[in-house]
Amino acid sequence: MSVNKCVIILINLFIIGCTSIDEPEIQKVSRKIAISTNTKKIPINKPKTVEEVFVGKLEKTLLLHGLIDIQTIDSTILIDLRYSSLNNFMNEDVYGDLEKVFLQESVAIDLKKCNEYLKSIDSSLVLLVYDGVRPRSVQQKMWDVLDLPIQEKTKFVSNPKNGSIHNYGCAVDLTIARVNGDTLDMGAGYDDIRKIAYPRYELKFLESGELSSDQINNRRLLRKVMKKGGFYNIQTEWWHFNRYNRNTAKSLFKIIE
């Protein structure tokens, strides 16, 4: 027997047994019983907070500063976040559970332009990113670990006191790879502090035979496609590209501590 039929029978029995109660009172009781059996609780889906959706502390910080995961802009860009592994010059994971590369949204959009331009040149190639925004606390660790004279150190790591373009989310470290993840040969690895990694010395190393024309052409291709999105290379790291200079980045964005 259905719930509604049971309710109707109970109401009728109640009415018969309550002849002393006047008609208006009986109607009130009947309405209360009907309402109580038909009312359903409607679940309320409260919007989740940033803390509930994103577990990582560093990722929360980046999101709250308005930065964006570059793969949400272009999912074809490959990621090898070196500072979230032991495969870096510090041999230390300094990003913890962070697995995504974040940049300022406008910078990420410009990076997408670069990747699309690269694929228009050769559809088998894509950008592979090693690092994006870098908190100043991590910059300080790099500065402290690198055992070089200060004149040499500043060619490789910006002084944290001044703030790096990375600290604003306006610089990116990257290379070119095949869609399967195999990187093109640039003649020197990522974070190689030797002068063979300096774009300014490429012709010198070509003459000595330490760099091949193919390796230099791969670097030139990287610079060409990055220029398409408004990025410019620095003369001591073939992999590092700034979207803005320090003063412009400082005027537009807050530094990530």
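Which of the residues spanning segment 96-111 are within 19 Å of residue 128 (Cβ to Cβ) and either without any contact (Cβ under 8 Å) to a residue 60 or more places away in the chain or in a loop (DSSP other than H, G, I, E, B) (or both)?
We begin by selecting, within segment 96-111, every residue within 19 Å of residue 128 (Cβ to Cβ); these are 98-103, 107-111.
Across segment 96-111, the qualifying residues are 98, 99, 100, 101, 108, 109.
Quick one: residue 251 ticks every box in (1) among the small types (Gly, Ala, Ser); (2) over 23 Å from residue 63 (Cα atoms); (3) surrounded by fewer than 17 Cβ atoms within 10 Å (Cβ to Cβ) except a single one, so which number is it?
(2)
Is it the case that residue 141 is basic (Lys, Arg), closer than 17 Å to residue 84 by Cα and in contact with an Asp or Glu (Cβ under 9 Å, 6 or more places away or on another chain)?
So residue 141 passes the test.
Would you say residue 218 is out of contact with any helix residue (DSSP H, G or I) (no Cβ under 8 Å at 6 or more places or on another chain) and either part of a helix (DSSP H, G or I) or surrounded by 13 or more Cβ atoms within 10 Å (Cβ to Cβ) (or both)?
On the way: out of contact with any helix residue (DSSP H, G or I) (no Cβ under 8 Å at 6 or more places or on another chain): yes; either part of a helix (DSSP H, G or I) or surrounded by 13 or more Cβ atoms within 10 Å (Cβ to Cβ) (or both): yes.
Yes, satisfied.
Which residue is surrounded by the most Cβ atoms within 10 Å (Cβ to Cβ), if the candidates are limited to segment 228-247 and must be over 22 Å from the mean Cα position of the chain (by Cα) and in contact (Cβ under 8 Å) with a residue 60 or more places away in the chain?
237
Yes/no matrix, rows are residues, columns are (1) touching a helix residue (DSSP H, G or I) at 6+ places or on another chain (Cβ under 6 Å); (2) in the same structural domain as residue 189 (by TED's automatic domain parsing); (3) crowded, with 16+ Cβ neighbours inside 10 Å; (4) in contact (Cβ under 8 Å) with a residue 12 or more places away in the chain:
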residue: 56; (1), (2), (3), (4): no, yes, no, yes
residue: 59; (1), (2), (3), (4): no, yes, yes, yes
residue: 66; (1), (2), (3), (4): no, yes, no, yes
residue: 70; (1), (2), (3), (4): yes, yes, yes, yes
residue: 81; (1), (2), (3), (4): no, yes, yes, yes
residue: 85; (1), (2), (3), (4): no, yes, no, no
residue: 88; (1), (2), (3), (4): yes, yes, yes, yes
residue: 91; (1), (2), (3), (4): no, yes, no, no
residue: 94; (1), (2), (3), (4): yes, yes, yes, yes
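Is segment 143-160 home to any residue that is touching a Lys or Arg at 6+ places or on another chain (Cβ under 8 Å), modelled with pLDDT of 95 or more and either β-branched (Val, Ile, Thr) or in the same structural domain as residue 68 (by TED's automatic domain parsing) (or both)?
No, because not a single residue in segment 143-160 is touching a Lys or Arg at 6+ places or on another chain (Cβ under 8 Å), modelled with pLDDT of 95 or more and either β-branched (Val, Ile, Thr) or in the same structural domain as residue 68 (by TED's automatic domain parsing) (or both).
Say whether the condition of being at negative phi, of a type in the set (Asp, Glu) and in a loop (DSSP other than H, G, I, E, B) is met by at least one residue in segment 192-199.
To start, the set of residues in segment 192-199 that are at negative phi comprises 192-199.
Filter once more, keeping what is of a type in the set (Asp, Glu): 192.
From what is left, the residues that are in a loop (DSSP other than H, G, I, E, B) are 192.
Within segment 192-199 (the criterion being at negative phi, of a type in the set (Asp, Glu) and in a loop (DSSP other than H, G, I, E, B)), the answer is yes, since at least one residue qualifies.
Exactly one condition in (1) out of contact with any Pro (no Cβ under 8 Å at 6 or more places or on another chain); (2) assigned to a helix (DSSP H, G or I); (3) within 25 Å of residue 126 (Cβ to Cβ); (4) not aromatic (Phe, Trp, Tyr) is false for residue 207; which is it?
(3)
Out of the residues in segment 120-129 that are out of contact with any Ser or Thr (no Cβ under 7 Å at 6 or more places or on another chain) and surrounded by 17 or more Cβ atoms within 10 Å (Cβ to Cβ), which is farthest from residue 94 (Cα to Cα)? Break it down stepwise before answering.
So in segment 120-129, the residues out of contact with any Ser or Thr (no Cβ under 7 Å at 6 or more places or on another chain) come out as 120-125, 127, 129.
Those left that are additionally surrounded by 17 or more Cβ atoms within 10 Å (Cβ to Cβ): 125, 127, 129.
On the way: 125: 29, 127: 23, 129: 17 Å.
Per the criteria, the residue is 125.
The values are calculated or read from the model by the stated rules, or taken from the named source; none is laboratory data. The structure displayed is predicted, hence computed values, not measured ones. Using ideal geometry, Cβ is built from the backbone for each residue, glycine included, and neighbour counts are taken over all protein chains shown.
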